[in-house]
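Beneath this line is the structure, given in structure tokens, with notes to follow.
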Amino acid sequence: MRPIRIVRRPAAATLTGPLDPVLRRVYAARGIASLAELDLGLAGLLPVSSLDGIVEAVDLLLDARARGRRVLVVGDFDADGATSCALLVRGLTRLGFAEVGYLVPDRFRFGYGMTPEIVALAAERAPGLIVTVDNGMSSEAGVAVARKLGIDVLITDHHLPGATLPAANAICNPNLAGATFGSKALAGVGVAFYVLAALTRRLADCVPHGGLPSAADYLDLVALGTVADVVPLDRNNRILVSQGLKRIRAGHCVPGISALLAEGGRSAERSVAADLAFAAAPRLNAAGRLDDMSLGIECLLTDDPARARLLAAELGRLNAERRSIESRMNEEAAAIVKRMQIDDAGLPLGLCLFDEQWHPGVVGLVAARAKERLHRPVIAFAPADAGWLRGSARSVPGVHLRDALDAIAKREPGLLEKFGGHAMAAGLTLQRERLEEFRRCFAEEVCRHLEPEDAEGRVLTDGELEPAEMTLATAQTLRAAGPWGQGFAEPVFDGRFTVLDTRIVGERHLKLRVRPDGDAPVVDGIAFNFLAVDRQDLPMVAGRVQLAYRLDVNEYQGLERLQLVVEHLC
């Protein structure tokens, strides 16, 4: 385990008004300067018409609808892609399109995006229009094949474009060069929602008495996909997630989301963003990681609650299998790192890990785990086709992954077969024999952006709580004050405690009873995955510890109790 410093967030704004004092401090540290910014009503969304490329996108869809052309949605194999796909299939069908189908690549046969092979498969269904969701920006070859076959192409995506754009009929993406849309943080499902909303508005001009369904009916899918893709929760995304969670809690969501939450032991009626992130999303993602994301999409498309429960149960089984595979791979990754630390003077700031037996659908999780432990960008590779490796990368603040890969590709033409992604996550493919060459190039590129002290790691907190603030009521207030997530972090506090009792539960989680400094009551805590990969000594009973923790509402047999979820213990 690398050393970690606890760093307290400074107030980034001054906030006044009738708020709980803890909540006021938390919001101010996240840059909230006025109560108006906390209004997450739909009226606060950035205008639908302001999304770049949306006019051309709607024109293309209206043409397909008027001509009765078959529409095929080409998705991606993660939760963002699955929710985007389900949203457009449901939405376009309700808007009267003649026939709407979907196709999602098998990541093990085709890889990511609308490749020429996927277009050949799509062409067997004779679509007049292909609509990509959460992919397409790196699909120049596939788009060219589709256009040659006489198939129109609409790209809806949020990934960063390359040097050249695909020759699609229309592209809708807030991250196009020169784009003026007020948020670069939309997930793929957010882009799909905007397209559907704009299409609905245009059609409504021709339909008397408001007879069309509202795009807001699909905000449950938008919330799940946005949280699952870990995009920054700027105000626009917080509105989308907040409104989607309201629908889920009110029971106005697709049966598949309720079933996924129930499979994860969460209540739809009490759900918050964390429930989507840690219960629904991993089960949905498991289909794309180990099998075929069609299973996840079908779970989101069915209107039969019984079938949704059966599909969610199968997704739960896949997720359990994924956890087992991931646990083994994480242990192997830790062993690789340990050997590197013994053999070399120190770990490179940009780290590449590879094992012959690693599962290509799980390497992204391994990279994320290693990044969290080592506080530096990590790429984990698995064998792909004969002679090729497929890598999944995760980064830390200060290193924009896609830009880093682009810089390497420009300096070393031909080294990367293909790559794409975001600032914090990316994917790439390269020849196996060139791994060492790439490993060196990646380490050198990261060194241009990070210093060794950046890899020490830190936990950002919102400071200490007074004894009177460490209550169930405070925890409930914070739970209701979200949505929390990437870029709008859930509150974490720090303080010193005396350990009264410890025990291991679930083989790897540490349960504690601790007494805070000051005149505060004894409180329960849990440190999830305390014994996973990095074995740590149990804190001594009667010993003193410093904790970074979240306040949590632990519900058991209908009773709610305060619990600390420990993020860091020393």
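Below is a table of values for the structure above.
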{"quantity": "Alpha-carbon centroids, the range 251-295 and the range 337-394: separation in whole Å", "calculated": "28 Å"}
{"quantity": "The chain: relative contact order in percent, alpha carbon pairs under 8 Å with at least 6 residues between", "calculated": "12 percent"}
{"quantity": "Rg/Rh for the range 93-217, where both radii come from Cα atoms and Rh is the Kirkwood radius", "calculated": "0.99"}
{"quantity": "The range 126-213 - percent of accessible surface contributed by carbon and sulfur, probe 1.4 Å", "calculated": "57 percent"}
{"quantity": "Separation between Cα centres of the range 6-54 and the range 455-471, rounded to whole Å", "calculated": "20 Å"}
{"quantity": "Accessible area of the range 73-122 belonging to carbon and sulfur atoms, whole % at 1.4 Å probe", "calculated": "53 percent"}
{"quantity": "Sorted peptide list for 485-491, 270-276, criterion being average Cβ within 10 angstrom, highest first", "calculated": "270-276, 485-491"}
{"quantity": "Residue-averaged [θ]222 nm for the chain, counting only DSSP H segments that reach four residues, each worth -39500 (n - 2.57)", "calculated": "-11500 deg cm²/dmol"}
{"quantity": "The range 159-290, relative contact order in percent, only Cα pairs under 8 angstrom and at least six apart counted", "calculated": "19 percent"}
{"quantity": "Karplus-derived 3J(HN,Hα), 6.51/-1.76/1.60, for each residue of the range 558-568, Hz, glycine and proline x", "calculated": "x, 9, 9, 9, 6, 9, 9, 9, 7, 8, 7"}
{"quantity": "Positive dipole terminus of the range 269-407, leading residue within Val366, Ala312, Gly391 (C-beta point charges)", "calculated": "Val366"}
{"quantity": "Residue (of Met137, Gly162, Ala126) at the positive-pole extreme of the range 114-162, dipole from beta-carbon charges", "calculated": "Ala126"}
{"quantity": "Karplus 3J(HN,Hα) series, Hz, for the range 293-302 with 6.51 cos²θ - 1.76 cosθ + 1.60 (x for Gly, Pro)", "calculated": "5, 4, 4, x, 5, 4, 4, 7, 8, 5"}
{"quantity": "Karplus-derived 3J(HN,Hα), 6.51/-1.76/1.60, for each residue of the range 333-338, Hz, glycine and proline x", "calculated": "5, 4, 5, 4, 4, 4"}
{"quantity": "Shape category assigned to the chain from the gyration tensor of Cα positions, a/c cut at 1.5", "calculated": "oblate"}
{"quantity": "Size of electric dipole in the range 210-346: Cβ of Lys, Arg +1 and of Asp, Glu -1, about Cα centre, debye, nearest 20", "calculated": "440 debye"}
{"quantity": "Ellipsoid equivalent to the range 481-538 - semi-axes via the Cα gyration tensor, in Å", "calculated": "22, 20, 10"}
{"quantity": "Cα-based Lys proximity count in the chain, under 29 Å, for pairs eight or more positions apart or on separate chains", "calculated": "11"}
{"quantity": "Mean-position separation - Cα centroids, the range 97-155 and the range 502-570, in angstrom", "calculated": "49 Å"}
{"quantity": "Built amide H within the under 5 Å cut-off of Gly420, gap 5+", "calculated": "Gly427"}
{"quantity": "Which of Trp484, Gly182, Pro539, positive extreme of dipole for the chain (C-beta unit charges)", "calculated": "Trp484"}
{"quantity": "Those trypsin sites (Lys or Arg not before Pro) in the range 1-68 that DSSP places in a loop and that have at most 14 other beta carbons within 10 Å", "calculated": "Arg67"}
{"quantity": "Cα Rg, Dmax (largest Cα-Cα span) when computed across the range 172-292, Å", "calculated": "15.5, 47"}
{"quantity": "Debye, to nearest 20: dipole size of the chain, +1 on Lys, Arg Cβ, -1 on Asp, Glu Cβ", "calculated": "340 debye"}
{"quantity": "If the convex hull is drawn through the Cα atoms of the range 1-160, its volume per residue in Å³", "calculated": "184 Å³"}
{"quantity": "Relative contact order (%) - criterion: Cα under 8 Å, at least six apart; region: the range 69-152", "calculated": "39 percent"}
{"quantity": "Size of charge dipole - the range 409-549 - debye, nearest 20, with Cβ of Lys, Arg +1 and Asp, Glu -1, no other charges", "calculated": "500 debye"}
{"quantity": "Å² of accessible area per residue within the range 307-453, as computed with a 1.4 Å probe and no ligands counted", "calculated": "45 Å²"}
{"quantity": "In the range 324-380, the trypsin sites (Lys or Arg not before Pro) that fall in loop regions by DSSP, at most 13 other Cβ within 10 Å", "calculated": "none"}
{"quantity": "The range 405-489, accessible surface, carbon-and-sulfur percent (1.4 angstrom probe)", "calculated": "48 percent"}
{"quantity": "Peptide ranges 291-298, 77-84 listed from the most packed, as the mean C-beta count within 10 angstrom indicates", "calculated": "77-84, 291-298"}
{"quantity": "Shape call, the range 459-570: gyration tensor on alpha carbons, a/c limit 1.5", "calculated": "rounded"}
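The values are calculated or read from the model by the stated rules, or taken from the named source; none is laboratory data. None of these values were measured; they are calculated from a predicted model. A quick note on method: Cβ atoms are made from the backbone with ideal geometry, for glycine too, and the neighbour counts reach across all protein chains shown. Protein only, heavy atoms only, side chains kept; ligands, DNA and RNA dropped before computing areas. Shrake-Rupley method; radii C 1.70, N 1.55, O 1.52, S 1.80 Å.
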